[in-house]
Amino acid sequence: MPRSTHRRVGLVADEAGFWHQSRADFGPSVEPGVQLETPEARRRLLHLIERLGLRRRMTQLEPLALAEADLARVHTADYLAAFRAQSAGAGGELGDFAGFGHGSYEIAVRSAGGVAAAVRAVLDGELDRAYALVRPPGHHAEPDRARGYCLLANIPIALELARARQGLGRVAIVDWDVHHGNGAQRIYWDDPEVLAISLHQDRLYPVDSGAVEERGGDAALGATLNIPLPAGSGEGAYLAAFDRVVAPALRAFQPELLVVACGYDAAFLDPSSQMALTSATFGDLARRTIELAEELCGGRLVIAQEGGYSPLYTPICGAAVVAALLEAESETELHDPYGRHLHTPEQNLLPHQLEAIERAGAAAGTAPPTHDQHHPHDQHHQHDPHHRSTHHHEESAP
Ligand SMILES: [Zn+2]
């Protein structure tokens, strides 16, 4: 879509985030010190957008200095006190797959402050769009526990600050990290003003959340929208899910601000999942999101980085998203030597993937079935989080 106006795009990239130490415990078969979540993927993304000349076209933002009261709008006092105390010592673990080292409390506060700076600048009208390249990520963090490398709920903390200080009204979160956005779901379960959408690999992590039947509490029914996709899903499934379920839900909701929980771990080279996306699809998802933001909320869009564990490939996927934000795809020499020739059948929309998308669309009321709704596998595949006698899923790392 040609536009005549120059878009002002912000970037938060905080060096402190790269100094945070993740310490997930993978058990006795993995050498101590070997970690999935390291700074490298994000650091190399920053290097790549620098090398491509993209970074200098972005307005550099500093993280907001958040007070404990800002965190306490989302997290419990007990959790924050325990986190602060363990961080002041040798580090610790306050949940599952979310161990941390000395000093991580202050770094996590800066990470949430990075997202808050992006949200504030966009709501102020200082910028049109912003990208928060922060670490640690936040979308698994719950009010009273850390989960999946996430220590503080970056996006909800930023949104609650904006609601308190800037009168932010309806806001939509689109989480395309390959793991379920359980944090926003839990935090906003009863809040009809926040639409929390999650596209994720079905029952990956957390293994017991993210089913289509989870739609929000009575006061906010429909404001939680889960789109679990089968392992192996690629471009066809993701774009169909976006067009058939995500976009109609956003149009129906009419947000004032759009925030993306932007993980790159649905990429085919990511070690934490079994999906098949390439950098081109991340660019397509970003462009679709930008168009929806333009259509629905004056273009106000914040992209906050979540997962993505391939130091080799995450940077290329991230650069595709940054180029889309800058509308600089045509003049950017971004080569994807890995994904450009990936033509597996899973890149096309397959029948079992369409069934999953239609189930999510039917639950959301956004996507009427395009054919007779008969799913012969439903009896075996029904997603009931309380009854899993036919499937045993080991909890896997995010
Ligand atoms: Zn993830």
Exclusive hit being touching a residue at least 24 places away in the same chain (Cβ under 8 Å), aliphatic (A, V, I, L, M), surrounded by 18 or more Cβ atoms within 10 Å (Cβ to Cβ) and closer than 20 Å to Pro398 by Cα, set Leu94, Leu66: Leu94
With the structure loaded, tell me whether Tyr238 is surrounded by 23 or more Cβ atoms within 10 Å (Cβ to Cβ) and not in a helix (DSSP H, G or I) or whether it fails that test. no
Subset of region 138-151 (residues that are away from the ligand (no atom under 16 Å from the Cβ) and either of a type in the set (A, V, I, L, M) or touching a strand residue (DSSP E or B) at 6+ places or on another chain (Cβ under 6 Å) (or both)): Arg145
Within region 55-66, can one find any residue that is more than 19 Å from Gly318 (Cβ to Cβ), of a type in the set (Gly, Ala, Ser) and outside any helix (DSSP H, G or I)? yes
Picking from Ala304, Ala247, which residue would you name as being within 16 Å of the ligand (Cβ to nearest atom) and under 17 Å from the mean Cα position of the chain (by Cα)? Ala304
Would you mind telling me which numbered condition in (1) at negative phi; (2) crowded, with 24+ Cβ neighbours inside 10 Å; (3) part of a loop (DSSP other than H, G, I, E, B); (4) not polar (S, T, N, Q) Gly210 fails? (1)
Go through (1) among the aliphatic types (A, V, I, L, M); (2) touching a residue at least 24 places away in the same chain (Cβ under 8 Å); (3) within 26 Å of Gly33 (Cα to Cα); (4) more than 16 Å from the ligand (Cβ to nearest atom) and name the single condition Leu161 misses. (3)
Looking at region 290-301, is at least one residue away from the ligand (no atom under 14 Å from the Cβ), under 19 Å from Pro228 (Cβ atoms) and not in a loop (DSSP other than H, G, I, E, B)? no
Among Val122, Val109, Val74, Val134, the single one that is within 16 Å of the ligand (Cβ to nearest atom) and crowded, with 17+ Cβ neighbours inside 10 Å is Val134
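Residue-by-condition table, conditions (1) among the small types (Gly, Ala, Ser); (2) out of contact with any Asp or Glu (no Cβ under 7 Å at 6 or more places or on another chain):
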{"position": "Glu214", "(1), (2)": "no, yes"}
{"position": "Val246", "(1), (2)": "no, yes"}
{"position": "Leu250", "(1), (2)": "no, yes"}
{"position": "Asp265", "(1), (2)": "no, no"}
{"position": "Phe268", "(1), (2)": "no, yes"}
{"position": "Arg288", "(1), (2)": "no, yes"}
{"position": "Ala293", "(1), (2)": "yes, yes"}
{"position": "Gly307", "(1), (2)": "yes, no"}
{"position": "Pro311", "(1), (2)": "no, no"}
Within region 299-332, can you find the residues that are touching a Pro at 6+ places or on another chain (Cβ under 9 Å), surrounded by fewer than 24 Cβ atoms within 10 Å (Cβ to Cβ) and closer than 16 Å to Thr289 by Cβ? Arg300
Could you please find all residues in region 174-207 being more than 26 Å from Ile290 (Cβ to Cβ), touching an Asp or Glu at 6+ places or on another chain (Cβ under 9 Å) and near the ligand (Cβ under 10 Å from one of its atoms)? Tyr205
Condition set crowded, with 24+ Cβ neighbours inside 10 Å and closer than 11 Å to Ala41 by Cβ, scope region 262-271, selection nearest to the chain's Cα centre (by Cα): answer is Gly263
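Table: residues versus (1) within 30 Å of Arg129 (Cα to Cα); (2) touching a Cys at 6+ places or on another chain (Cβ under 8 Å); (3) modelled with pLDDT of 95 or more; (4) of a type in the set (Asp, Glu).
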residue	(1), (2), (3), (4)
Thr314	yes, no, yes, no
Leu349	no, no, yes, no
Glu358	no, no, yes, yes
Ala364	yes, no, no, no
Pro369	no, no, no, no
His386	no, no, no, no
Pro398	yes, no, no, no
Residue list for region 273-288, filter: under 20 Å from Ala130 (Cβ atoms) and in contact with a strand residue (DSSP E or B) (Cβ under 6 Å, 6 or more places away or on another chain): none
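Which residues, taken from region 164-173, are over 26 Å from Gly234 (Cα atoms) and either within 16 Å of the ligand (Cβ to nearest atom) or among the β-branched types (Val, Ile, Thr) (or both)? It would help to see each step written out before you state the result.
Let us first name the residues in region 164-173 that are over 26 Å from Gly234 (Cα atoms), namely 164-171.
Listed by number, the list holds a single entry, Val171.
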Positions within region 27-56 being over 24 Å from the mean Cα position of the chain (by Cα) and of a type in the set (D, E, K, R), in sequence order: Glu31, Arg51, Arg56
In region 307-326, residue farthest from Gly263 (Cα to Cα) [restricted to those that are in contact with a strand residue (DSSP E or B) (Cβ under 9 Å, 6 or more places away or on another chain), more than 12 Å from the ligand (Cβ to nearest atom) and assigned to a helix (DSSP H, G or I)]: Leu326
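The values are calculated or read from the model by the stated rules, or taken from the named source; none is laboratory data. What you see is a predicted model; the values in this text were computed from it and never measured. Don't worry about glycine lacking a Cβ; one is built from the backbone with ideal geometry, like all the others, and counts go over all protein chains shown.
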